[in-house]
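Participant: Sharing a structure, written as structure tokens. Questions coming.
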Amino acid sequence: MTVKSVKSAKSVGAKIWWYVRELTGETAYERYVAHVRKDHPDAPVQSRRAFERERTDRQEADPRQGFRCC
Amino acid sequence: MPEPATDTARPQRKISTKSVVIWTLVGLIGATGWGVLALSRGEEISAAWLLAAALGSYAIAYRFYSKFIANRVLKVDKKRATPAERLDNGVDFHPTDRRVLFGHHFAAVAGAGPLVGPVLAAQMGYLPGTIWIVAGVIFAGAVQDMVVLFFSTRRNGKSLGQMARDEIGPFGGAAALVAVFAIMIILLAVLALVIVNALAHSPWGVFSIAMTIPIALFMGVYLRILRPGRVTEVSVLGVALLLLAIVSGRWVAESSWAEAFTLAPSSLVIWMVAYGFLASVLPVWMLLAPRDYLSTFMKIGTIVLLALGVVIAMPTMKMDAVTEFATSGAGPVFAGSMFPFVFITIACGALSGFHALVSSGTTPKMVQKETQVRLIGYGSMLTESFVAIMAVICACILEPGLYFAVNSPAGVLGPTLESASEAVKSFGFSIDPATLAQAAKDVGEPSITSKTGGAPTFALGMSEIFSAVIGGAGMKAFWYHFAIMFEALFILTTVDAGTRVGRFMLQDTLGNIYKPLKRVSWWPGVWLTSAIVVGGWGYFLWVGVHDPLGGINQLFPLFGIANQLLAAVALAVCTTLLIKSGRLKWAWVTGIPLLWDVAVTLTASWQKVFSDDVKVGFFAQRKAYQDALDSGAESFGTAKTRDAMETIVTNATVDGVLSALFAILIIIVLADATRVCVKAIRNPGTAELKEAEYVESKIVAPAGLWPTAEEKAELAAAAGAAGSDGTSGGTPVAAGKP
């Protein structure tokens with residue numbers, strides 16, 4: 001394999017990894033941290049554990065979030 | 001199409017020769033597919049022609065019709081900020097990359113519906129179903145999804161019910177709310193019935209599905225306590241365990257434990273109801289969330305695999321293009337003639353009212369650019385329709401005799417393989433008892449006759465296709481159970497999620513009478529309302545399992561009517577909004593699908609209520625069995641005892657009343673919508689729109705999957721500007737991963 005094809009395979013892999021993480025919502029915490037840092041620089045940032053807890057518990061309060069179809 | 005001279009919003013564009021050549025070719029591929037489908041009579045054709053017809057039509061519709069709707073009818077505005085941009089809180093409102101949101105939206109709208117309906121509709125041959133799946137999605141289903149998504153995005157992600165209340169009025173809004181609740185109950189009952197039918201007397205299936213509960217619990221604990229938020233790794237682990245559960249199902253079925261996992265339909269109903277209740281009162285993180293990850297992984301994975309399998313194996317369609325049941329209406333799978341019942345039965349694959357709930361809830365809060373509603377709304381629905389086409393293929397590559405033996409109610413087939421073979425012969429098809437026994441043995445099931453509900457048929461077709469690509473006949477049983485698992489997984493997720501949504505609606509309504517009921521943390525209220533919802537669908541599930549006429553046969557049309565009724569509500573809201581916003585000349589875009597849908601739904605309801613045919617009309621059925629009871633008969637039709645006859649009388653009454661109720665609700669919504677529309681047409685200035693304010697968008701992002709040359713230039717310019725003033729702005733979000 002040439003250097004170029006290894007590189008392109010790597011970049012395709014990185015794109016797929018990015019897509020999967022975005023789709024599963026794994027990046028939600030990173031997004032939240034970025035959001036707090038940008039808009040409220042002085043506010044404390046929740047830990048990942050607390051954030052993920054709150055995220056699933058929010059669905060408890062309004063189950064229409066993330067509802068699936070038939 | 002009328003071309004008003006005043007319309008200057010449309011940029012002058014040169015059409016390149018290359019694009020003309022490409023789109024002519026795509027058109028030709030689609031046309032050839034349809035040509036072969038239309039002209040072949042009596043000979044078996046390859047599934048490739050079906051794919052060509054569908055994919056060619058989708059491409060043309062997406063390129064031309066959806067673009068027309070987005071630009072001319074909705075006038076999507078790339079300069080207008082979406083709620084995701086304006087209200088960005090990093091949680092539920094956040095601008096999401098269009099490709100990711102497409103995946104989210106597709107995963108949310110695609111479920112068991114498009115796999116089940118088309119399989120049942122195949123009793124009329126593959127052609128009626130295919131035509132409606134393709135034409136219906138292009139002109140109705142995808143249009144509805146996209147237009148609802150657009151209007152909800154303009155209203156900060158308001159739900160369909162809220163939009164109905166705000167834009168039509170409290171009366172229509174209330175009718176829409178009752179409709180959604182009633183539909184939810186029927187939907188959950190029918191989906192649960194599909195699973196009960198697939199798992200009845202199947203130790204392999206019951207074991208592997210039961211294993212999904214400990215797997216999901218493990219994943220839940222992992223995500224909650226061990227490694228919060230690491231969804232991908234835990235899902236990969238979960239899928240591996242799931243595959244192990246499928247494989248080990250065979251060992252269980254062949255061991256002495258088989259007995260313990262061999263359950264009759266009535267015991268499965270009790271298990272389902274208990275599961276539904278417990279799952280819906282447990283915390284979301286324990287069961288629902290992890291199961292949802294699993295089912296999404298399985299869903300997307302299987303659909304991709306199936307598409308590849310169909311393309312590689314290119315199976316031959318064995319079913320007739322059009323069977324005589326299309327006109328006689330006497331088919332064993334569901335009663336009634338092609339119009340309206342093919343449209344009612346296919347439901348989700350072509351036009352699904354339920355999608356309007358997703359298009360007006362989660363998705364609009366994440367849309368990055370208004371221009372992207374075309375890809376996300378229209379595009380996702382085209383993909384779902386493609387899934388429905390694959391379901392048609394799965395059903396129609398089976399021997400028709402086998403198809404009818406699997407899908408006819410037990411009462412019609414009789415107790416033995418011989419009687420089943422005779423019954424199939426009476427439909428005009430043939431299958432001998434030995435072939436039936438072999439087909440069951442191939443997939444590791446004790447029997448496959450009268451496994452109604454569509455899932456087993458789909459699984460048989462899928463195992464046929466997959467085993468032709470990987471593993472040969474020896475893998476058939478694995479693939480069959482893989483397919484059952486895949487359907488069961490997301491049906492169980494829907495049962496859980498749907499019960500929660502039903503409960504939420506009930507809490508919200510009853511909370512107006514007794515305040516504490518509204519509180520989601522007050523457990524007596526939660527338990528009570530959960531029990532009411534579970535009791536509702538549990539009743540219909542119980543009825544469906546015990547109905548001597550066949551539960552799917554009786555209940556599936558109700559489910560279809562309910563779903564199409566919801567679509568009518570959504571299309572009525574869309575049409576009202578188009579008219580209120582001064583777009584009367586474009587109102588046909590949603591108005592014609594609305595009229596069609598209303599014609600289908602009301603005809604079906606009418607026939608279900610008033611038809612004299614005992615197979616179709618619920619009240620005719622009731623009368624026939626009541627008369628037989630009154631005359632002292634010991635058996636009548638498929639009911640072999642007086643108890644069975646009484647069951648039919650009760651069920652037919654309930655189903656008939658429900659059909660009438662659905663029809664009345666749809667008429668109320670339509671009447672109220674018409675009133676609003678007439679008012680808006682008479683006094684164009686007075687219509688009040690509840691749109692969110694205009695804010696200019698700072699995000700630059702492409703509309704479609706691939707950026708156009710113009711969009712690339714905009715992205716580059718925006719990136720340059722952001723780089724020079726040092727702020728990150730919205731552009732990196734917009735560009736996503738380069």
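The values are calculated or read from the model by the stated rules, or taken from the named source; none is laboratory data. Predicted model only: the values in this text are computed from it and were never measured. Using ideal geometry, Cβ is built from the backbone for each residue, glycine included, and neighbour counts are taken over all protein chains shown.
Participant: Suppose we keep only residues that are aliphatic (A, V, I, L, M) and in a helix (DSSP H, G or I) within the range B:347-373. Which one would you say is farthest from B:VAL148 (Cα to Cα)? Let's see the steps before the verdict.
Facilitator: If we filter the range B:347-373 for residues that are aliphatic (A, V, I, L, M), which is where we start, we get B:347, B:350-351, B:356-358, B:366-367, B:373.
Now narrow it down to the ones that are in a helix (DSSP H, G or I): B:347, B:356-358, B:373.
Working: B:ALA347: 18, B:ALA356: 6, B:LEU357: 9, B:VAL358: 9, B:VAL373: 10 Å.
Checked the range B:347-373; the qualifying residue farthest from B:VAL148 (Cα to Cα) is B:ALA347.
Participant: Looking for whichever is surrounded by fewer than 17 Cβ atoms within 10 Å (Cβ to Cβ) and part of a helix (DSSP H, G or I) here; the options are B:GLU167, B:GLU233. Which one fits? Write out each step before concluding.
Facilitator: Details: B:GLU167 fails: surrounded by fewer than 17 Cβ atoms within 10 Å (Cβ to Cβ).
Going through B:GLU167, B:GLU233 in turn, just one is surrounded by fewer than 17 Cβ atoms within 10 Å (Cβ to Cβ) and part of a helix (DSSP H, G or I): B:GLU233.
Participant: Report, by residue number, each residue of the range B:322-344 that is part of a loop (DSSP other than H, G, I, E, B) and of a type in the set (Val, Ile, Thr).
Facilitator: The answer is B:VAL322, B:THR323, B:VAL333.
Participant: Scan the range B:615-636 residue by residue and report those that are more than 31 Å from the chain's Cα centre (by Cα), under 20 Å from B:LEU558 (Cβ atoms) and touching a residue at least 12 places away in the same chain (Cβ under 8 Å).
Facilitator: Within the range B:615-636, B:ALA624, B:TYR625 meet the criteria.
Participant: When the residues of the range B:75-100 are filtered to those that are of a type in the set (A, V, I, L, M) and either outside any loop (DSSP other than H, G, I, E, B) or out of contact with any Lys or Arg (no Cβ under 9 Å at 6 or more places or on another chain) (or both), which remaining residue is farthest from the other protein chains (Cβ to nearest Cβ)?
Facilitator: For the range B:75-100, the residue satisfying everything is B:ALA81.
Participant: Right, another one. State which residue is farthest from the other protein chains (Cβ to nearest Cβ) when the search covers only the range A:21-70 and only residues that are among the aliphatic types (A, V, I, L, M) and closer than 21 Å to B:VAL358 by Cβ.
Facilitator: Looking at residues that are among the aliphatic types (A, V, I, L, M) and closer than 21 Å to B:VAL358 by Cβ, I get A:ALA28.
Participant: Which condition number does B:PHE218 fail, the rest of (1) at pLDDT below 95; (2) assigned to a helix (DSSP H, G or I) being met?
Facilitator: (1)
Participant: Quick one: would you say B:GLY56 is crowded, with 21+ Cβ neighbours inside 10 Å and not hydrophobic (A, V, I, L, M, F, W, C)?
Facilitator: Spelling it out, B:GLY56 is indeed crowded, with 21+ Cβ neighbours inside 10 Å and not hydrophobic (A, V, I, L, M, F, W, C).
Participant: Test of understanding: among B:SER408, B:SER430, B:SER421, B:SER426, which residue is surrounded by 21 or more Cβ atoms within 10 Å (Cβ to Cβ), farther than 30 Å from B:SER248 by Cβ and more than 29 Å from the chain's Cα centre (by Cα)?
Facilitator: Being surrounded by 21 or more Cβ atoms within 10 Å (Cβ to Cβ), farther than 30 Å from B:SER248 by Cβ and more than 29 Å from the chain's Cα centre (by Cα) holds for just one of B:SER408, B:SER430, B:SER421, B:SER426, which is B:SER421.
Participant: Here's a follow-up. Which of the residues belonging to the range B:437-457 are crowded, with 23+ Cβ neighbours inside 10 Å and assigned to a helix (DSSP H, G or I)?
Facilitator: Result: B:ALA455, B:PRO456, B:THR457.
Participant: Out of (1) in a helix (DSSP H, G or I); (2) surrounded by fewer than 24 Cβ atoms within 10 Å (Cβ to Cβ); (3) in contact with a Pro (Cβ under 9 Å, 6 or more places away or on another chain), what's the single condition that is false for B:ILE133?
Facilitator: (2)
Participant: Also, quick follow-up: So is B:VAL311 over 15 Å from the mean Cα position of the chain (by Cα) and not in a helix (DSSP H, G or I) or not?
Facilitator: The answer is no for B:VAL311.
Participant: Which pairs turn up if I take residues in the range B:329-342 that are closer than 20 Å to B:VAL609 by Cβ and look for partners that are among the basic types (Lys, Arg) with beta carbon separation below 8 Å, at least 6 apart in sequence or on another chain?
Facilitator: Pairs that qualify, where the first residue is closer than 20 Å to B:VAL609 by Cβ and the partner is among the basic types (Lys, Arg), are B:GLY329/B:LYS615; B:ALA330/B:LYS615; B:ALA335/B:LYS615; B:GLY336/B:LYS615.
Participant: Could you tell me whether any residue of the range B:374-391 is in contact with a helix residue (DSSP H, G or I) (Cβ under 9 Å, 6 or more places away or on another chain), under 17 Å from B:GLY205 (Cβ atoms) and not in a loop (DSSP other than H, G, I, E, B)?
Facilitator: Checking the range B:374-391: not a single residue is in contact with a helix residue (DSSP H, G or I) (Cβ under 9 Å, 6 or more places away or on another chain), under 17 Å from B:GLY205 (Cβ atoms) and not in a loop (DSSP other than H, G, I, E, B).
Participant: Something else: Output the residues belonging to the range B:64-83 that are in contact with a Ser or Thr (Cβ under 9 Å, 6 or more places away or on another chain) and charged (D, E, K, R).
Facilitator: Of everything in the range B:64-83, those that are in contact with a Ser or Thr (Cβ under 9 Å, 6 or more places away or on another chain) and charged (D, E, K, R) turn out to be B:ASP77, B:LYS78, B:LYS79, B:ARG80.
Participant: Another question, then. Going through the range B:469-487 one residue at a time, which ones are in contact (Cβ under 8 Å) with a residue 60 or more places away in the chain, in contact with a Gly (Cβ under 8 Å, 6 or more places away or on another chain) and farther than 14 Å from B:ALA245 by Cβ?
Facilitator: B:VAL469, B:ALA477, listed by residue number.
Participant: Out of (1) under 29 Å from B:THR499 (Cα atoms); (2) part of a helix (DSSP H, G or I), what's the single condition that is false for A:ALA9?
Facilitator: With respect to (1) under 29 Å from B:THR499 (Cα atoms); (2) part of a helix (DSSP H, G or I), A:ALA9 is out only on (1).
Participant: A further question follows. May I ask you to verify whether B:HIS105 is facing chain A (nearest Cβ under 9 Å) and either assigned to a helix (DSSP H, G or I) or touching a Lys or Arg at 6+ places or on another chain (Cβ under 9 Å) (or both)?
Facilitator: No; evaluated as a whole, the condition is false for this residue.
Participant: Among the listed residues A:ALA43, A:ALA50, identify the single one that is without any contact (Cβ under 8 Å) to a residue 40 or more places away in the chain, surrounded by fewer than 17 Cβ atoms within 10 Å (Cβ to Cβ), in a helix (DSSP H, G or I) and not hydroxyl-bearing (Ser, Thr, Tyr).
Facilitator: A:ALA50
Participant: Check B:PHE429 against each of (1) touching a Gly at 6+ places or on another chain (Cβ under 9 Å); (2) within 14 Å of chain A (Cβ to nearest Cβ) and name the one condition it does not meet.
Facilitator: Condition not satisfied by B:PHE429: (2).
Participant: Can you tell me which residue is modelled with the lowest pLDDT among those in the range B:680-726 that are surrounded by 12 or more Cβ atoms within 10 Å (Cβ to Cβ) and within 14 Å of chain A (Cβ to nearest Cβ)?
Facilitator: So the residue we want is B:ALA722.
Participant: OK, next. Quick check on this structure: which one of B:GLY525, B:GLY474 is outside any loop (DSSP other than H, G, I, E, B) and within 14 Å of chain A (Cβ to nearest Cβ)?
Facilitator: Details: B:GLY474 fails: within 14 Å of chain A (Cβ to nearest Cβ).
Checking each option against the conditions leaves just B:GLY525.
Participant: Could you list all residues from the range B:462-480 that are surrounded by fewer than 16 Cβ atoms within 10 Å (Cβ to Cβ) and of a type outside the set (Val, Ile, Thr)?
Facilitator: B:GLY471, B:GLY472, B:ALA473, B:GLY474
Participant: Taking the range B:482-522 as the search range and keeping residues that are touching a Phe, Trp or Tyr at 6+ places or on another chain (Cβ under 6 Å) and at the interface with chain A (Cβ under 10 Å from one of its Cβ atoms), which one is surrounded by the most Cβ atoms within 10 Å (Cβ to Cβ)?
Facilitator: My answer is B:ALA497.
Participant: Taking the range A:6-20 as the search range and keeping residues that are small (Gly, Ala, Ser) and either more than 8 Å from chain B (Cβ to nearest Cβ) or closer than 24 Å to B:LEU87 by Cβ (or both), which one is nearest to the chain's Cα centre (by Cα)?
Facilitator: Out of the qualifying residues, it is A:GLY13.
Participant: In addition: Inside the range B:490-517, can you point out the residues that are of a type in the set (Phe, Trp, Tyr) and either without any contact (Cβ under 8 Å) to a residue 24 or more places away in the chain or under 11 Å from B:SER280 (Cα atoms) (or both)?
Facilitator: Across the range B:490-517, the qualifying residues are B:PHE504, B:TYR514.
Participant: Let me ask another. Would you be able to say whether some residue in the range B:531-545 is hydroxyl-bearing (Ser, Thr, Tyr) and in contact with a helix residue (DSSP H, G or I) (Cβ under 6 Å, 6 or more places away or on another chain)?
Facilitator: No.
Participant: Here's something else I'd like to know. Restricting the range B:279-296 to residues that are in contact with a helix residue (DSSP H, G or I) (Cβ under 6 Å, 6 or more places away or on another chain) and not in a helix (DSSP H, G or I), which is nearest to A:ASP62 (Cα to Cα)?
Facilitator: Only one residue tops the list, namely B:VAL284.
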